[in-house]
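*Asks:* The structure's right below; bear with me while I get my questions together.
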Amino acid sequence: MSDETMMLELADGRATITLNRPEVMNSLDADTIDRFHTVLDECAGARVVVIRGAGRAFSAGRDLSNARPLEEDARSILADLFNPAIARLRALPVPTIAAVHGPALGVGFGIAMACDIVIAAERSRLGSPFANIGCVLDSGGHAALVQRVGPHRALELVYTGRLLDGTAAAAMGLINDVVADDELDVRIDELATKIAAGPTAAFAASKRIVHAIADGRADFAAVLAAEAGAQGELAGGHDYVEGISAFMEKRAPGFTGS
């Protein structure tokens, strides 16, 4: 196991980021977030990004071992440290997958929710029990809950601090799917392999359009215009020509992301 707080593996167009502080359930401090930005820089050129945790957890959230509740600048901790990393992850122009097992809490929950797809093991624990420590749900958690499960369920989870296992999270629509704990790695490998082999330039365009809709920046007319504009930009490129040609020739396409 590397002594890096976050590890990166690049192979076959896939970037796998592993949160690597298993002794503290992959909780996140300033050094870890600095490393996260470096790792994201190194993901340039990847066709899909997978985020996972080492050991028994995805991430238990902020490392509170040195917290000073009477003195610390809580606004700055979020606005200057954690929020830029989460926003950057959400905006990555490639498909992102969170492979969640064990706790995914607080900032860890925010990182998982910033990914395009979340697959969780049955015995995961997702949420932000901030009701128990007198804090406000953060790390983009409000947006994730409202968009994924609706305002009424969002406020229920905020008020009660209830954590969801993988099965409950999938049933509620908070995550994409749940798998048996010992099948998570296989499912993630299959999904990442399939996505990495796809037309990732087209996926990036779709991601921009979906985010514009989700963020309230695009009405229906704007969506139609964005789709037409994206199609026009891709037309004549390798994947556009290859995809249509393969369809006409009744063969499997070979996409390159260009």
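The values are calculated or read from the model by the stated rules, or taken from the named source; none is laboratory data. Here the structure is a predicted model, which means the values were calculated and not measured. Cβ atoms come from the backbone with ideal geometry, glycine included; neighbour counts cover every protein chain shown. Ligands, DNA and RNA are stripped out before the accessible areas are found, and what is left, the full protein with its side chains, is counted by its heavy atoms. Shrake-Rupley method; radii C 1.70, N 1.55, O 1.52, S 1.80 Å.
*Asks:* Scan Ala170, Ala197, Ala192 and give me the residue that is under 23 Å from Val50 (Cβ atoms) and more than 17 Å from the chain's Cα centre (by Cα). If you could, list the steps in order and put the result at the bottom.
*Replies:* Details: Ala170 fails: more than 17 Å from the chain's Cα centre (by Cα); Ala192 fails: more than 17 Å from the chain's Cα centre (by Cα).
None of the others qualify; the one that does is Ala197.
*Asks:* In addition: Out of Phe247, Phe203, report the one residue that is surrounded by fewer than 14 Cβ atoms within 10 Å (Cβ to Cβ) and out of contact with any Gly (no Cβ under 8 Å at 6 or more places or on another chain). Full working, then the answer.
*Replies:* Working: Phe203 fails: surrounded by fewer than 14 Cβ atoms within 10 Å (Cβ to Cβ).
Result: Phe247 is the single residue among Phe247, Phe203 that is surrounded by fewer than 14 Cβ atoms within 10 Å (Cβ to Cβ) and out of contact with any Gly (no Cβ under 8 Å at 6 or more places or on another chain).
*Asks:* Scan the range 4-22 residue by residue and report those that are open to solvent by 50 Å² or more (accessible area, probe 1.4 Å) and either part of a loop (DSSP other than H, G, I, E, B) or touching a Leu at 6+ places or on another chain (Cβ under 6 Å) (or both).
*Replies:* Scanning the range 4-22 gives Glu4, Asp12.
*Asks:* If the Cβ limit is 6 Å and pairs must be 6+ apart or interchain, which residue in the range 94-107 that is in contact (Cβ under 8 Å) with a residue 24 or more places away in the chain and part of a strand (DSSP E or B) pairs with which residue that is crowded, with 24+ Cβ neighbours inside 10 Å and of a type in the set (Phe, Trp, Tyr)?
*Replies:* Val100/Phe58; Ala104/Phe58
*Asks:* Looking at Arg35, is it open to solvent by 20 Å² or more (accessible area, probe 1.4 Å) and in a helix (DSSP H, G or I)?
*Replies:* Numbers: open to solvent by 20 Å² or more (accessible area, probe 1.4 Å): yes; in a helix (DSSP H, G or I): yes.
Criteria met by Arg35.
*Asks:* Quick check on the range 112-154: of everything there that is polar (S, T, N, Q) and assigned to a helix (DSSP H, G or I), which residue is surrounded by the most Cβ atoms within 10 Å (Cβ to Cβ)? If you could, list the steps in order and put the result at the bottom.
*Replies:* Within the range 112-154, the subset polar (S, T, N, Q) is 124, 128, 132, 139, 147.
So of that shortlist, the ones also assigned to a helix (DSSP H, G or I) come out as 132, 147.
Details: Asn132: 9, Gln147: 15.
Ranking the qualifying residues of the range 112-154, first place goes to Gln147.
*Asks:* Scan the range 72-85 residue by residue and report those that are open to solvent by 20 Å² or more (accessible area, probe 1.4 Å) and either part of a loop (DSSP other than H, G, I, E, B) or under 27 Å from Asp165 (Cα atoms) (or both).
*Replies:* Keep residues of the range 72-85 that are open to solvent by 20 Å² or more (accessible area, probe 1.4 Å), which gives 72-81, 83-84.
Answer for the range 72-85, where residues must be open to solvent by 20 Å² or more (accessible area, probe 1.4 Å) and either part of a loop (DSSP other than H, G, I, E, B) or under 27 Å from Asp165 (Cα atoms) (or both): Glu72, Asp73, Leu78, Asn83.
*Asks:* Just checking, how many residues over the range 173-207 are farther than 24 Å from Gln147 by Cα and among the hydroxyl-bearing types (Ser, Thr, Tyr)?
*Replies:* Going through the range 173-207 one residue at a time, the tally reaches 2.
*Asks:* Report the residue count in the range 207-233 for those that are open to solvent by 40 Å² or more (accessible area, probe 1.4 Å), in contact (Cβ under 8 Å) with a residue 24 or more places away in the chain and closer than 19 Å to Asp116 by Cβ.
*Replies:* Counting residues in the range 207-233 that are open to solvent by 40 Å² or more (accessible area, probe 1.4 Å), in contact (Cβ under 8 Å) with a residue 24 or more places away in the chain and closer than 19 Å to Asp116 by Cβ gives 2.
*Asks:* Give the number of residues within the range 155-173 that are buried (at least 21 other Cβ atoms within 10 Å of the Cβ) and charged (D, E, K, R).
*Replies:* Total meeting the criteria: 0.
*Asks:* Among what's in the range 50-71 and is free of Cβ contacts under 8 Å to residues at least 60 places away in the same chain and open to solvent by less than 60 Å² (accessible area, probe 1.4 Å), pick the residue that is nearest to Ala99 (Cα to Cα). Talk me through it step by step, then tell me what you get.
*Replies:* If we filter the range 50-71 for residues that are free of Cβ contacts under 8 Å to residues at least 60 places away in the same chain, which is where we start, we get 53-57, 59-60, 62-71.
With open to solvent by less than 60 Å² (accessible area, probe 1.4 Å) added as a condition, the list becomes 53-55, 57, 59-60, 63, 67.
Values: Gly53: 8, Ala54: 11, Gly55: 13, Ala57: 10, Ser59: 11, Ala60: 14, Asp63: 21, Ala67: 28 Å.
Result: Gly53.
*Asks:* Are there helices (runs of 4 or more DSSP H) fully within the range 159-258 with at least 1 residues that are in contact with a helix residue (DSSP H, G or I) (Cβ under 6 Å, 6 or more places away or on another chain)? List them. Don't jump to the end; show me each part of the working.
*Replies:* On the way: elements: 166-172, 184-196, 200-214, 220-234, 238-249.
Where helices (runs of 4 or more DSSP H) fall fully within the range 159-258 and carry at least 1 residues being in contact with a helix residue (DSSP H, G or I) (Cβ under 6 Å, 6 or more places away or on another chain), they are 166-172, 200-214, 220-234, 238-249.
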